[in-house]
Structures are given as C-alpha cells and as structure tokens.
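Chemist: Sharing a structure with you now.
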Amino acid sequence: MATQHSRSAARIMMAPAVFLLLVWMLVPLCMTLWFSFRNYLPLRGGDLGFAGFNNFTRFVSSSAFWPSVLTTLIIVGGVLLISIVFGVLLAILLDKPMWGQGIVRILVIAPFFVMPTVSALVWKNMFMDPVNGVLAHLWRFFGADPLVWLQDASVFSIILIVSWQWLPFATLILLTAIQSLDSEQLEAAEIDGATPLARFFFISLPHLSRAITIVVLIQTIFVLAVFAEIFVTTGGAFGTRTLTYLIYQRVLESQNIGLGSAGGVYAIILANIVAIFLMRIVGKNLDN
Amino acid sequence: MGRIQLKQVKKAFGDVVVIPPLDLEIVDGEFVVFVGPSGCGKSTLLRLIAGLEDTTSGVIEIDGEDATALPPAKRRLAMVFQSYALYPHMTVRKNIAFPLRMAKMDQAEQDRRIEAAAKALNLTDYLHRRPGQLSGGQRQRVAIGRAIVREPAAFLFDEPLSNLDAALRVGMRMEISELHKKLKTTMVYVTHDQVEAMTMADKIVVLQAGVIEQVGSPLDLYHTPRNKFVAGFIGSPRMNLVEGTEAAKHNATTIGVRPEHIDISTTEGLWQGTVGVAEHLGSDTFLHVHGVPGCDPVTVRIAGDVALNHGDTVHLTPRADQIHKFDAQGLRIS
Ligand SMILES: Nc1ncnc2c1ncn2[C@@H]1O[C@H](COP(=O)(O)OP(=O)(O)OP(=O)(O)O)[C@@H](O)[C@H]1O
Ligand SMILES: [Mg+2]
C-alpha cells in the first residue's frame, strides 16, 4: 500500500499531466461558454457584445434542432447495435482455431486504420454509387433497380459506414475478452447438459458483459461526435444532420459563432445525458 | 447404476500417443482412484470417460451401453474440475441449479434438490453469494453440490483438492469419502496425492505413460506391488530399492524394503551406514542413511522419537519377510 511519502511523490509526478489535461479541456470549454453568451458574427461586424440567453433560445427553437438530436441518437444506437452484435459473433468466430488465423485477424482489424474521410469516400464512390457502385451492380445482377443509398437510405448508409469503421475495435476488445474465458467453464456447462446456444447465453455472454460495456461507452463518446463521414457523403442532407453537423453549419455556413457555441453547450448536455443513461444501464457491469 | 468399461481405448493427440490401448472395468458403486506421475495421462483418461475428448479408437461402455459417441451431457456423469469451474456471474444457488435448469426440471423439484444438497454440504448460508465471495473449500463444495444434484450415474473428480491447504484437504477428503458411503454412487477420482489414494480408494489404478501398471486395493498395492514402478510409487516415504550384490544374495536384480520394515541398531546389523539428514516429526523419525552399497540413501522410518542425529553410525537390518524381489525387467518375483 502507498505510504504518505510515495503518495505525495505520485502527486508531484502526476501534476504536469493533470495540468496539461486541465488546460487542454478547460480553455476550449471556457471559450465555448463565453462565446455562447456573445453576439459574435465574424463577417458582420465581429463581436457585437453580450447576447444573454438569446443564442440558446434561438438554437433550440430552430426547426432543425430536435431532428438533429434524434438523428444523432439513431446513428449512435444503430452503430452500437451493429458493432456489438457482429463484434460478438466475429470474436467468437476468430477465437476458433483455423488456418491462416493471423492474416484473417489482421484483415478484420484493418478498417480501423483507415481514416474516416477516406473510408466514407470509398463507401460513397465504390459501393454506394447508384451507377458504378458494387452494390448497384449487385442489385442489377438480381434484376432490381439500384438503390440511391445516400439519398433513399441516408441514415442507414451513414450507420453502415460508421459501423464498418468501429466493428474492428469492438471485435478486438471482445476477442481478447473471449480468450480469457476459462475453457473448463464451458466444459463444465457441456457436461451439465447445456446446448451450444445455452452455453453462449449463460456462460460466454455474461463473461463478455464487461468488455461490451467498455465498447459501448467508448464508441458512444466517439460516435456522438461523428462528422467526417457525413461531411463527405451527404453533407448533412436527407435527414443526416446530426447535432455536431448542425453546430458546424451554424458556425461556418451561417458565420454565427455565438449560436454555434450555444449548440456546443447543448452537445455537452446531450453527451452527459447519454452518459448518465448508459452508466445507469451498463455501468453496474464494471464493478465487481 | 454406474458401471464403466473401457475396451482397448486409445488416445493420441496428433502423432503423440498419450494412452496406448487400455482395458479397465469400473464396477458400480466403486471408488476408483487414478494415480501416477504428472503427465501420465490421468486427466486425459478421465476426460475420455466424460466425453470431453474423443477416443482415437476403442469403446467406452456405461452400464453396458456403448457411450463412445455420446456427447458429455448424455452420459449421465458429473465432473468436478481442479479449478472448480464455477460460473462466476451466478450465485451459488444458480450454480447448483444450472444442470437442473438445463434439464428443464420443474421448479419445486429443483428447489428440493438444491436445499438437500446445500444442507448436506453446509452451504445453506451461502446460497445467495457469488463464487468470488467464497473460500477455496466452500467453492469446492459448491462444485460438488452442482455434481450431486443431478444424481448422476458416476462422479468424476480431477484433482479436486489440490488447490486447498493441507488442513482443509484432510477435511474435504473425509467429506468426499462420507459422501461416497452415503450415495453409494461410482466415483472416479484423479490425484497424485498418495494419502488421498490410499485412504479413499476401493481400487487404485496406477498409471505410467498412459499404461496401467497395476490395479488393486490400496493394501494389495502396498503389500504386493506388481513391479518396481508401483513399489516405488505407492507408500510414503518411498520404498528403498537396493541393487547389486545385496540383491543378488536374494537371487534378484533389485530388492525393495519399505522404510518402516527396517530395524535399526547402533551396535549390529546387516548394513552399516552414517545418518545424513534426520527428520524428527515427533510421531515418527525419518533417517536418511548413507553408505549402504546399492542404494543411497536408505530411508528408515522409526516410530516415535529417537536420539540419532547427523553423522551417527547406525546398523540396519531389513525384515526378511518384508523384502520385495524384482527381476531384471523390474517385475515382481513372487
Ligand atoms: N490437447 C492436447 N494436445 C496435445 N497433447 C496433450 C493435450 N492434452 C494433454 N496432452 C499430453 O498428454 C499427456 C497427458 O496429459 P494429462 O493432462 O492427462 O496428464 P495428467 O496425468 O493429468 O498430469 P497432471 O498430474 O500433471 O495433471 C501429457 O504429456 C500432455 O502433454
Ligand atoms: Mg491432470
């Protein structure tokens, strides 16, 4: 256990990192809060003084606000669902001994290393393009009319692209978790008469619950802020405008920094609500 | 019922033959112990019986029916693992209930069996706890509880006590023996602990490199070991195996004398030597005597406390009627 001395030494050694983190986070946060109360229009006169709660009421009363919150939540939920379900299945599959295991694992993990902008462009131009995309060819092969993915199934397309990027992460975490499962537990269950399906639900899945919790928490944080994938595919059209994208439009397209900052504060609140909600449901998996 | 027969059962992992074709019969209600040095295939044999490993060739019959191809669940056997293999996220009650739940037994019957098992194993106060909140001995009892509620045809134990401390091991040993007396169900028990094997078994199976060296009651093995390996393996401390001219006097390649069958004197005897290490246990004294030709050191066991220490000269005389003789192949000469 830590002695008095080692504790104070630890504090001193941690101080630079804590200081850096604080500055890193606090400065932008304070600036956002400050601008959200200012009437700041860079191209129309600059900082025009104090605005009270004007920015906040204007941001919420905009007809785009609630749909954008909803879109954000749908995208987060969809990505979580796909990456957890397929992540668990892939992890179980990859855990089985097979020929060329090393290469298969690297291939599965590869999408994680592709930059979001690049992967979104690849999906947009090579897969989802209604004329030349692979999916369009597939549709035509079966005699169907190609789907205009980014227009007719826009939100689903975004979910698909983002899931494709996050699936490797989920698979990787879940694979390491599944490898730590004591094989004697599965054998004991087998002797106890559990079918393969029962073994999965009663033994493997509970064993994975902690890893799943971690994947859910981390992915939620990142997917709430998803931007590049929307920017290069639909540009926020066809109902794919998330809260982040709305803020971007307010700041850069409408050149209203005060309004955008107010949106930023709402984004913080939304993230916290989601976080509290998640911790309530899955957080208990993390203790014990 | 729980009669298990192995007929020419063979197991190989790839090219490595772990168990060459082997025959064994386990009678209903018997307590059979597999002993042998580490890596000799005890666990593998047990797992073959359980159905966790496939036989390479040969037939396993349970109660006269061919069970070679049956999945583990269908063999009506219960297994207790060395690591206990409890389900960590379930309470003790759910752990014990698991096999019943898998068998879709009705709730009232489940409860009745769980209560009975918990009472028999002193687990009633712990039913709501998780395995992580139990001591090693309690976990072991939960594992046994999970096995007995199924009322299986036979129990399989793989070194169930090796993770417990010495005192607890003695206690659990008795509990398992009593359980066997009460249930009268076949038990197959793997261990490398001498004392467990000698005290618990109706029948001991001594294995070496997958081959059965001898099958018999504990005292059978103690009094008439079939070969040098069994002679050296059964009994603690180990039997002294003397070679050379001393053995030739008995027309054998090797003679064996157990430490407790050697008389010791400070004045006269057959063999002379000096005491190396003297272990004074209070109840017994173990002397390791150097200088006897053909066996170094000779271990001698003397009841009670004796005033002999390092460096003392002693004379040893093996009791003539307790000398085991072995030929050049290591087999017993009757
Ligand atoms: N899955 C496997 N693949 C290859 N070899 C194996 C496998 N399982 C066991 N073996 C080998 O089979 C032999 C017997 O193993 P086993 O586990 O049955 O020994 P044991 O008698 O139980 O030993 P211990 O007392 O140390 O538990 C060992 O040499 C081991 O290396
Ligand atoms: Mg073993």
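Chemist: How large is the Kirkwood hydrodynamic radius of the range A:148-288, in angstrom, based on all distinct alpha carbon pairs? Kindly include the intermediate steps, with their values, before the conclusion.
Modeler: On the way: mean 1/r = 0.0556 Å⁻¹.
Taking every pair of different Cα atoms in the range A:148-288, averaging 1/r and inverting gives 18.0 Å.
Chemist: Give the distance, in whole Å, between the Cα centre of the range A:143-179 and the Cα centre of the range A:249-288.
Modeler: Between the Cα centre of the range A:143-179 and that of the range A:249-288, the gap is 23 Å.
Chemist: For the pair B:Lys184/A:Leu252, report the inter-label distance in nm, with labels modelled 7 Å from Cα in the Cβ direction.
Modeler: Taking the simple label geometry, B:Lys184 and A:Leu252 are separated by 8.5 nm.
Chemist: Would you mind checking the pairs B:Lys74/B:Lys228; B:Lys10/B:Lys228; B:Lys182/B:Lys325; B:Lys181/B:Lys228; A:Lys96/B:Lys94 and listing those with alpha carbons more than 31 angstrom apart? Walk me through the numbers before you get to the answer.
Modeler: Details: B:Lys74/B:Lys228 40 Å; B:Lys10/B:Lys228 25 Å; B:Lys182/B:Lys325 40 Å; B:Lys181/B:Lys228 33 Å; A:Lys96/B:Lys94 29 Å.
From the list (B:Lys74/B:Lys228; B:Lys10/B:Lys228; B:Lys182/B:Lys325; B:Lys181/B:Lys228; A:Lys96/B:Lys94), the Cα-Cα distance tops 31 Å for B:Lys74/B:Lys228; B:Lys182/B:Lys325; B:Lys181/B:Lys228.
Chemist: Taking every eigenvalue of the Cα gyration tensor of the protein assembly as shown, multiplying by 5 and rooting it, what semi-axes result, largest first, whole Å?
Modeler: On the way: eigenvalues 1028, 186, 114 Å².
Here the semi-axes work out to 72, 30, 24 Å.
Chemist: Below 8 Å between Cα atoms, with a sequence gap of 6+, how large is the relative contact order for the range B:238-326 in percent?
Modeler: Details: 208 pairs, mean separation 33.6, N = 89.
38 percent.
Chemist: Using bins 5 angstrom wide from zero, how does P(r) for the range A:219-288 break down, in % of all Cα pairs?
Modeler: Per 5 Å bin, starting at 0, the Cα pair percentages come out as 4, 15, 21, 20, 17, 10, 7, 4, 2, 0.
Chemist: For the protein assembly as shown, what proportion of DSSP beta bridges, expressed in % and rounded to the nearest 5, is antiparallel?
Modeler: Numbers: 51 of 68 bridges.
Counting only bridges with both partners in the protein assembly as shown, antiparallel ones make up about 75 percent.
Chemist: Treat each spin label as a single point 7 Å out from the Cα along the C-beta direction, and report the B:Val277 to A:Gln179 distance in nm.
Modeler: Each label point is offset 7 Å from its Cα along the Cβ direction, giving 4.2 nm.
Chemist: Shifting gears a bit: Hull surface divided by four, with the convex hull built on the Cα atoms of the range A:1-96: how many nm²? The partial results should precede the final answer.
Modeler: Numbers: hull surface 54.3 nm².
Across all orientations, the range A:1-96 yields a mean hull projection of 13.6 nm².
Chemist: Treating the angle as unsigned and between 0 and 90°, give the value, to the nearest 10°, between the Cα long axis of helix B:166-183 and the longest Cα principal axis of chain B.
Modeler: 60 degrees
Chemist: Sort largest first and round to whole Å: the equivalent ellipsoid semi-axes of chain A, each the square root of five times a Cα gyration tensor eigenvalue.
Modeler: Values: eigenvalues 301, 195, 57 Å².
With the √(5λ) rule applied to chain A, the semi-axes are 39, 31, 17 Å.
Chemist: Counting only C-alpha contacts under 8 Å and six or more residues apart, can you give the relative contact order of the range B:1-98 as a whole percent? Each step should come with its number before you reach the end.
Modeler: Details: 129 pairs, mean separation 27.5, N = 98.
Relative contact order for the range B:1-98 comes out at 28 percent.
Chemist: Remind me, relative contact order of chain B in percent, using alpha carbon pairs under 8 angstrom and six or more residues apart?
Modeler: About 17 percent, as a whole number.
Chemist: Please express the shape of the range B:238-326 as an equivalent ellipsoid: the semi-axes are the square roots of 5 times the eigenvalues of the C-alpha gyration tensor, given largest first in whole angstrom.
Modeler: Gyration-tensor ellipsoid for the range B:238-326: 22, 13, 11 Å.
Chemist: Straight-line reach from B:Lys11: which lysines have Cα under 18 Å away, leaving out those fewer than 8 places along the same chain?
Modeler: B:Lys42
Chemist: Further question on the same structure: Once the range B:152-242 is represented by equal point scatterers at the alpha-carbon sites, with solvent omitted, what log10 I(q)/I(0) does the Debye formula produce at q = 0.10, 0.19 Å⁻¹?
Modeler: For the requested q values the scattering log ratios are -0.28, -0.95.
Chemist: May I ask you to list the aspartates and glutamates whose Cα is less than 17 Å away from that of B:Lys119, ignoring any residue fewer than eight positions away on the same chain?
Modeler: B:Glu109, B:Asp111, B:Glu151, B:Glu175, B:Glu178
Chemist: Relative to the Cα centre, what is the charge dipole magnitude of the protein assembly as shown, using +1 at the beta carbon of each Lys and Arg, -1 at the beta carbon of each Asp and Glu, and rounding to the nearest 20 debye? Don't skip to the answer; put the middle values down first.
Modeler: Working: 52 positive and 52 negative charges, 486 e Å.
Dipole of the protein assembly as shown, to the nearest 20 debye: 2340 debye.
Chemist: Along the charge dipole of the range B:4-229, Cβ charges K/R +1 and D/E -1, which of B:Gln82, B:Ile62, B:Ser177 sits furthest on the positive end?
Modeler: The residue sitting most towards the positive pole is B:Gln82.
Chemist: Something else about it: Can you give me the long-range amide H partners of B:Glu30? Hydrogens built in the peptide plane at 1.01 Å from N, cutoff under 5 Å, separation of 5 or more residues or another chain.
Modeler: Under 5 Å from the amide H of B:Glu30: B:Thr186, B:Met187.
Chemist: Only Lys, Arg, Asp and Glu count, each charged at its Cβ (+1, +1, -1, -1), so figure out the dipole size of the range A:65-240 about its Cα centre, rounded to 20 debye.
Modeler: 360 debye
Chemist: What are the extents of the Cα atoms of the range B:4-229 along their three principal axes, in Å, largest first?
Modeler: 50, 39, 30
Chemist: For chain A, what does the helix formula give at 222 nm: sum of -39500 (n - 2.57) over DSSP H segments with n ≥ 4, over the residue count, nearest 500 deg cm²/dmol?
Modeler: On the way: 14 runs with 197 residues, N = 288.
Only helices count here, giving -22000 deg cm²/dmol.
Chemist: How large is Rg/Rh for the range B:205-253, to two decimals, with Cα atoms and a Kirkwood Rh? Walk me through the intermediate numbers first.
Modeler: Values: Rg = 12.1 Å, Rh = 11.8 Å.
Looking at the range B:205-253, the ratio lands at 1.02.
Chemist: Here is a further query. Quick one: helix B:92-102 against the long Cα principal axis of chain B, what's the angle to the nearest 10°, folded into 0 to 90?
Modeler: Helix B:92-102 sits roughly 70 degrees off the main axis of chain B.
Chemist: Quick check: residue separation of B:Arg238 and B:Leu70 times 0.36 nm, minus the Cα distance between them. What number comes out in nm? Intermediate results must be reported in sequence, preceding the final value.
Modeler: On the way: separation 168, 0.36 × 168 = 60.48 nm, distance 4.12 nm.
Length gained between B:Arg238 and B:Leu70: 56.4 nm.
Chemist: Counting residues in the range B:1-119 as N, plug N into 2.2 N^0.38 Å and put the Cα Rg over that result. Working shown, then result.
Modeler: Values: Rg = 16.7 Å, N = 119, 2.2 N^0.38 = 13.5 Å.
Ratio of Rg to 2.2 N^0.38 Å for the range B:1-119: 1.23.
Chemist: Using a Gaussian network model of chain A whose springs link C-alpha atoms within less than 10 Å, name the residue from A:Thr240, A:Thr72, A:Thr213 with the highest mean-square fluctuation.
Modeler: A:Thr213
No lab work stands behind these numbers, since they all come straight from the coordinates. Everything numeric here is computed off the predicted structure, so don't read it as measured data. Quick reminder, even Gly has a Cβ in these numbers, built from the backbone with ideal geometry, and neighbours come from all protein chains shown.
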